[in-house]
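Q: Before we start, here is the structure in question, set down as structure tokens.
The values are calculated or read from the model by the stated rules, or taken from the named source; none is laboratory data. Computed from a predicted structure; not experimentally measured. Counting neighbours? That spans all protein chains shown, and the Cβs are built from the backbone with ideal geometry, glycine included. To get the accessible areas, we keep the full protein, side chains included, count just its heavy atoms, and leave off ligands, DNA and RNA. Shrake-Rupley method; radii C 1.70, N 1.55, O 1.52, S 1.80 Å.
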Amino acid sequence: MALPFRPPSPLATLLAALLLAAGCASLPGSAPTSSSAAEPKPADDAATEAAQDEEPTVTLTLLHVNDVYQFTPVDFGARGGLGRLSTLRKQVLAESPNTLFLMAGDTLGPSVESTVHKGKQMIDAWNALGLDFAVLGNHEFDFGPDVMRERIQESRFTWLGANVMDKQTGRTFADTPPFVIRDVGGVKVGIFGVLLGKTKYSSKPGPDVFFTDTCAKARELVPQMRKQGAQIVIGLTHLFVAEDKVLARCAPIDLIIGGHEHVMMQAVSNGTPIVKMSSEARELGRVTLHVGTQSGKLKSMDFDVLPVTPEVPEDPAFASAMREYDAMMADLSQPVGRTRVPLDALEGSNRSHETNLASFVADAYREAAGAEVALINGGSIRSDSVLRPGPLTRRDVLAIHPYPGSVVSIEVSGAVLRQALEHGVSRSAEETDPGRFPQVSGIQYAFDVCRPAGDRIVRVTVNGEPLDVKRTYTLATNSYMSGGGDGYSMFKGAKYRVSPDKGRTTQDVLRDAFASAEAIAPTTTGRIERLRGGAREVASKDGHDAPLCPGPASAGK
């Protein structure tokens with residue numbers, strides 16, 4: 001079945017312009033990027049160029065996705081789904097047999113299904129789909145190194161992680177290859193994979209796993225790959241795009257296919273194109289390489305994006321392979337309540353300002369623990385979606401709180417409470433989505449991102465009264481934070497009113513709160529006020545950075 005014609009995507013158009021500006025290989029049909037119009041070339045050089053232009057080429061296709069946590073469609077069925085992705089892959093293979101399918105990291109966790117199966121369902125899905133290569137992502141280690149080793153053994157595709165090392169063996173983690181060279185249509189394609197080092201702290205790789213410098217690794221491996229015959233070198237990465245740009249300057253890499261940011265991105269660094277899709281297979285990236293059959297040189301690249309929508313039918317073979325999970329999926333669809341309003345579970349929202357869902361959750365914790373106030377970390381609200389009005393299901397509960405934990409109550413002084421709030425906003429100017437950001441109940445506070453960290457809280461009231469630093473308050477939170485999680489070390493050693501082993505699970509508390517009314521309709525109440533230089537900060541609607549802080553410090557920026 002032929003793929004329908006699609007006009008060039010914005011990604012393709014922008015990359016074409018960037019590549020031309022960078023002096024890279026031109027896209028088909030584009031004007032030459034050389035300086036031949038300005039300076040005449042010797043006849044021999046002109047003849048050589050003419051011969052290269054006439055050289056036959058072989059076409060290679062790279063399909064790629066990243067940050068895919070569930071195999072079913074997302075956005076209420078409007079996008080994604082690996083069954084649809086399997087159909088697209090087979091369509092592309094029918095047109096271009098010289099195709100590789102790549103996944104740029106993050107798939108085993110976190111997800112609702114992975115709370116039960118620890119990512120095995122995703123390995124089964126990728127095996128059924130026909131994935132060729134994947135780079136380790138930070139969430140691959142959410143269940144520890146031993147589970148990751150099991151998942152690698154179960155995979156019928158190859159995992160890459162050249163900079164992920166094992167102290168015990170001195171080799172790469174689980175002996176994943178530092179790179180692979182695959183003959184595709186007569187062209188030797190070399191692929192290496194690298195992962196961001198912050199995984200050491202953001203996930204659970206264990207004490208024996210460490211991460212080496214990605215730039216140094218590229219400098220080490222790329223010459224080896226070229227020496228072993230690689231004609232095309234691809235970096236499959238799970239890094240921030242700024243790190244991808246640095247990587248491109250470290251070694252001669254033809255293309256970087258990346259992940260991690262959950263946003264469709266494109267860039268060029270040192271002449272190397274960098275492409276990323278968004279998350280959850282909402283679209284399928286396609287890169288077409290045209291390689292000279294005689295010279296073995298990359299002549300040009302095409303870029304395209306294939307939307308993964310309900311118009312793409314699910315592959316019956318994929319559905320059959322995943323049949324064992326049907327009962328679980330049906331159970332997760334069971335309703336537990338209703339909402340009359342959209343619930344903001346977006347990661348960026350809950351880690352930067354008050355949301356109706358975060359306030360609802362904090363209120364639920366406070367009531368369940370019988371505490372005067374509640375404080376939770378915005379990063380404890382996962383899902384990263386907006387739950388639309390209508391039924392709320394078991395899946396929604398587990399998507400919001402995928403990690404096990406309990407609701408606790410501790411005794412803290414007003415001084416400690418203020419210290420906790422200062423800690424919670426201490427990265428709000430430096431990061432767009434700090435997980436420590438404090439969502440509250442029974443508390444109203446204002447903070448100014450233009451003030452120095454540790455002195456950003458402008459005012460605090462507790463249940464309508466000014467905070468008393470000498471008074472003891474009962475505080476509801478989750479067991480992760482009461483144990484010092486997300487840097488809340490000021491809570492460690494506090495006296496428990498409701499201890500972790502006595503507290504109800506965060507999932508049970510949220511489920512009961514959803515079921516507490518015929519339909520919930522939480523709103524924001526102004527309990528958190530975010531200031532910039534003393535004025536209320538207005539969220540940017542055009543995606544541009546917020547205005548600089550007033551004063552001499554920003555005058556020269």
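Q: Is it the case that some residue within the stretch 432-448 is within 23 Å of residue 534 (Cβ to Cβ), among the aliphatic types (A, V, I, L, M) and either part of a helix (DSSP H, G or I) or touching an Asp or Glu at 6+ places or on another chain (Cβ under 7 Å) (or both)?
A: Scanning the stretch 432-448, I find at least one residue that is within 23 Å of residue 534 (Cβ to Cβ), among the aliphatic types (A, V, I, L, M) and either part of a helix (DSSP H, G or I) or touching an Asp or Glu at 6+ places or on another chain (Cβ under 7 Å) (or both), so the answer is yes.
Q: Tell me which residues, restricted to the stretch 251-267, are under 21 Å from residue 226 (Cβ atoms), open to solvent by 20 Å² or more (accessible area, probe 1.4 Å) and not charged (D, E, K, R).
A: Filtering the stretch 251-267 down to residues under 21 Å from residue 226 (Cβ atoms) leaves 251-257.
In the following step, the residues that additionally are open to solvent by 20 Å² or more (accessible area, probe 1.4 Å) were identified as 252, 254.
Selection gives 252 alone.
Q: Still on this structure, please answer the following. Take the residues of the stretch 247-269 that are among the aliphatic types (A, V, I, L, M), assigned to a loop (DSSP other than H, G, I, E, B) and without any contact (Cβ under 8 Å) to a residue 40 or more places away in the chain: which is nearest to residue 160 (Cα to Cα)?
A: Here is the first cut: in the stretch 247-269, the ones among the aliphatic types (A, V, I, L, M) are 247-248, 251, 253, 255-257, 263-265, 267-268.
Next, from what is left, pick out any that are assigned to a loop (DSSP other than H, G, I, E, B): 251, 253, 263-264.
Restricting the remaining residues to those that are without any contact (Cβ under 8 Å) to a residue 40 or more places away in the chain gives 251, 253, 263.
Numbers: 251: 18, 253: 16, 263: 22 Å.
Result: 253.
Q: Using the structure shown, decide if residue 278 is in a strand (DSSP E or B), under 25 Å from residue 98 (Cα atoms) and of a type in the set (Ser, Thr, Tyr). Quick ask: steps written out before the conclusion?
A: Details: in a strand (DSSP E or B): no; under 25 Å from residue 98 (Cα atoms): yes; of a type in the set (Ser, Thr, Tyr): yes.
No: the conditions fail for residue 278.
Q: Is it true that residue 219 is closer than 30 Å to residue 320 by Cβ, surrounded by fewer than 20 Cβ atoms within 10 Å (Cβ to Cβ) and either among the hydroxyl-bearing types (Ser, Thr, Tyr) or over 23 Å from the mean Cα position of the chain (by Cα) (or both)? Break it down into steps so the answer makes sense when it comes.
A: Values: closer than 30 Å to residue 320 by Cβ: no; surrounded by fewer than 20 Cβ atoms within 10 Å (Cβ to Cβ): yes; either among the hydroxyl-bearing types (Ser, Thr, Tyr) or over 23 Å from the mean Cα position of the chain (by Cα) (or both): yes.
Judged against the criteria, residue 219 is not a match.
Q: Which residue is farthest from residue 427 (Cα to Cα), if the candidates are limited to the stretch 343-353 and must be open to solvent by 20 Å² or more (accessible area, probe 1.4 Å) and in a loop (DSSP other than H, G, I, E, B)?
A: Filtering the stretch 343-353 for residues that are open to solvent by 20 Å² or more (accessible area, probe 1.4 Å) and in a loop (DSSP other than H, G, I, E, B), the one farthest from residue 427 (Cα to Cα) comes out as 346.
Q: With the structure loaded, tell me whether residue 307 is farther than 25 Å from residue 182 by Cβ, open to solvent by 30 Å² or more (accessible area, probe 1.4 Å) and at pLDDT 95 or above or whether it fails that test.
A: Working: farther than 25 Å from residue 182 by Cβ: yes; open to solvent by 30 Å² or more (accessible area, probe 1.4 Å): yes; at pLDDT 95 or above: yes.
The answer is yes for residue 307.
Q: Limited to the stretch 281-298, what total is found for residues that are open to solvent by less than 20 Å² (accessible area, probe 1.4 Å) and within 19 Å of the chain's Cα centre (by Cα)?
A: Our first condition is that a residue be open to solvent by less than 20 Å² (accessible area, probe 1.4 Å); within the stretch 281-298, this holds for 281, 283-285, 287, 289, 291-292, 296.
From what is left, the residues that are within 19 Å of the chain's Cα centre (by Cα) are 281, 283-285.
Final tally of qualifying residues: 4.
Q: From the list 242, 230, 218, which one is small (Gly, Ala, Ser), part of a helix (DSSP H, G or I) and in contact with a helix residue (DSSP H, G or I) (Cβ under 9 Å, 6 or more places away or on another chain)? Quick ask: steps written out before the conclusion?
A: On the way: 242 fails: in contact with a helix residue (DSSP H, G or I) (Cβ under 9 Å, 6 or more places away or on another chain); 230 fails: part of a helix (DSSP H, G or I).
Result: 218 is the single residue among 242, 230, 218 that is small (Gly, Ala, Ser), part of a helix (DSSP H, G or I) and in contact with a helix residue (DSSP H, G or I) (Cβ under 9 Å, 6 or more places away or on another chain).
Q: List pairs: first in the stretch 321-342 and touching a residue at least 12 places away in the same chain (Cβ under 8 Å), second open to solvent by 80 Å² or more (accessible area, probe 1.4 Å) and β-branched (Val, Ile, Thr), Cβ under 7 Å, 6+ apart or cross-chain?
A: 328/116
Q: Looking at the stretch 483-499, which of its residues are open to solvent by 30 Å² or more (accessible area, probe 1.4 Å) and aromatic (Phe, Trp, Tyr)? Walk me through how you get there before you give the answer.
A: Step one: list which residues in the stretch 483-499 are open to solvent by 30 Å² or more (accessible area, probe 1.4 Å), which gives 483, 486-487, 489-490, 492-493, 495-498.
The one that is open to solvent by 30 Å² or more (accessible area, probe 1.4 Å) and aromatic (Phe, Trp, Tyr): 496.
Q: Let me ask you something else. On the basis of being in contact (Cβ under 8 Å) with a residue 24 or more places away in the chain, more than 18 Å from the chain's Cα centre (by Cα) and under 23 Å from residue 323 (Cβ atoms), does residue 155 make the cut? Steps first, please.
A: Values: in contact (Cβ under 8 Å) with a residue 24 or more places away in the chain: yes; more than 18 Å from the chain's Cα centre (by Cα): yes; under 23 Å from residue 323 (Cβ atoms): yes.
Here the answer is yes, as residue 155 does meet what is asked.
Q: Being open to solvent by less than 10 Å² (accessible area, probe 1.4 Å), over 27 Å from residue 273 (Cβ atoms) and out of contact with any strand residue (DSSP E or B) (no Cβ under 6 Å at 6 or more places or on another chain): is that true of residue 77 here? Break it down stepwise before answering.
A: Working: open to solvent by less than 10 Å² (accessible area, probe 1.4 Å): no; over 27 Å from residue 273 (Cβ atoms): yes; out of contact with any strand residue (DSSP E or B) (no Cβ under 6 Å at 6 or more places or on another chain): yes.
It is false that residue 77 is open to solvent by less than 10 Å² (accessible area, probe 1.4 Å), over 27 Å from residue 273 (Cβ atoms) and out of contact with any strand residue (DSSP E or B) (no Cβ under 6 Å at 6 or more places or on another chain).
Q: Any residue that is surrounded by fewer than 24 Cβ atoms within 10 Å (Cβ to Cβ) and within 29 Å of residue 209 (Cβ to Cβ) - is there at least one of those in the stretch 88-100? Write out each step before concluding.
A: Keep residues of the stretch 88-100 that are surrounded by fewer than 24 Cβ atoms within 10 Å (Cβ to Cβ), which gives 88-100.
Now drop any that are not within 29 Å of residue 209 (Cβ to Cβ), which leaves 100.
Yes, the stretch 88-100 contains at least one residue that is surrounded by fewer than 24 Cβ atoms within 10 Å (Cβ to Cβ) and within 29 Å of residue 209 (Cβ to Cβ).
Q: Then there's this: Quick check on my filter: what residues within the stretch 500-514 are open to solvent by less than 60 Å² (accessible area, probe 1.4 Å) and either in a strand (DSSP E or B) or under 16 Å from residue 357 (Cβ atoms) (or both)?
A: To start, the set of residues in the stretch 500-514 that are open to solvent by less than 60 Å² (accessible area, probe 1.4 Å) comprises 500, 503, 505-510, 513-514.
Scanning the stretch 500-514 gives 505, 506, 507, 509, 510, 513, 514.
Q: In the stretch 320-342, which residues are farther than 26 Å from residue 515 by Cα and either buried (at least 20 other Cβ atoms within 10 Å of the Cβ) or within 26 Å of the chain's Cα centre (by Cα) (or both)?
A: Listed by number, the residues that qualify are 322, 325.
So that you can scan it fast, the table gives a plain yes or no per residue for (1) more than 19 Å from the chain's Cα centre (by Cα); (2) of a type in the set (S, T, N, Q); (3) surrounded by fewer than 19 Cβ atoms within 10 Å (Cβ to Cβ):
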| site | (1), (2), (3) |
| --- | --- |
| 378 | no, no, no |
| 391 | yes, no, yes |
| 414 | yes, no, yes |
| 426 | yes, yes, no |
| 445 | yes, no, no |
